[in-house]
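Peer 1: Dropping a structure here in C-alpha cells format, bear with me for questions.
The values are calculated or read from the model by the stated rules, or taken from the named source; none is laboratory data. What you are looking at is a predicted structure, and each value in this text was computed from that prediction instead of being measured. All Cβ positions, even for glycine, are placed from backbone atoms using ideal geometry, and neighbour counts span all protein chains on display. The accessibility values were calculated without ligands, DNA or RNA, using every heavy atom of the protein model including side chains. Shrake-Rupley method; radii C 1.70, N 1.55, O 1.52, S 1.80 Å.
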Amino acid sequence: MVGGHIEFEVGQTHDTVYSLRALLKDYALQEDINYKKMKNDYNRLTYKCENEGCPWRLHASNMLNDVIMQLKTYNNKHECHRVYRSEDARSKWIASMFETMSRTILISSVGLLQIS
C-alpha cells in the first residue's frame, strides 16, 4: 500500500466509519482477501472472511461521541487461500492509489531538487 503496511488491533480508533471502511478496503487488497459485510451501518461494522470456516473477523462500533469508531474485537488469523481477484479493486480505488503515489513521488523529487 502507498501509506504503509496496515495492521489492526483491539482498542484502535478511527475518525469516522468512512475512514475505517476505506482502510478495510485497502487492507483486503494488501492481504489478498475478500470479506463479507455482516453489519455495515453508521454505528457499527462487522466484517468476516468470506470463506466458510476461516476465523478472520473484525467488529467496530461508535464510541460515546457517535463519530469515532473503535475496534472491539479482532481475530487476524486467516485459514484460507489468498484471493487474486478482488471486488474492491475498482477503477476509482486504483485511480486514488496512482494519485497518491504520484504526489508522493513529486514531493520527494521537489525535496531532492531543493537540497541540491
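Peer 1: Ignoring ligands, DNA and RNA, what percent of the 1.4 Å accessible area of segment 1-71 is carbon and sulfur?
Peer 2: The C+S portion of the solvent-accessible surface of segment 1-71 is 46 percent.
Peer 1: For labels at Asn51 and His5 in the simple 7 Å Cα→Cβ model, what's the distance in nm?
Peer 2: 2.1
Peer 1: Below 8 Å between Cα atoms, with a sequence gap of 6+, how large is the relative contact order for segment 4-65 in percent?
Peer 2: Values: 60 pairs, mean separation 13.0, N = 62.
Averaging sequence separation for qualifying contacts and normalising by length gives 21 percent for segment 4-65.
Peer 1: Using a 1.4 angstrom probe, figure out how much accessible area segment 1-84 has per residue, in square angstrom, rounded to the nearest whole.
Peer 2: Heavy-atom SASA per residue in segment 1-84 reads 60 Å².
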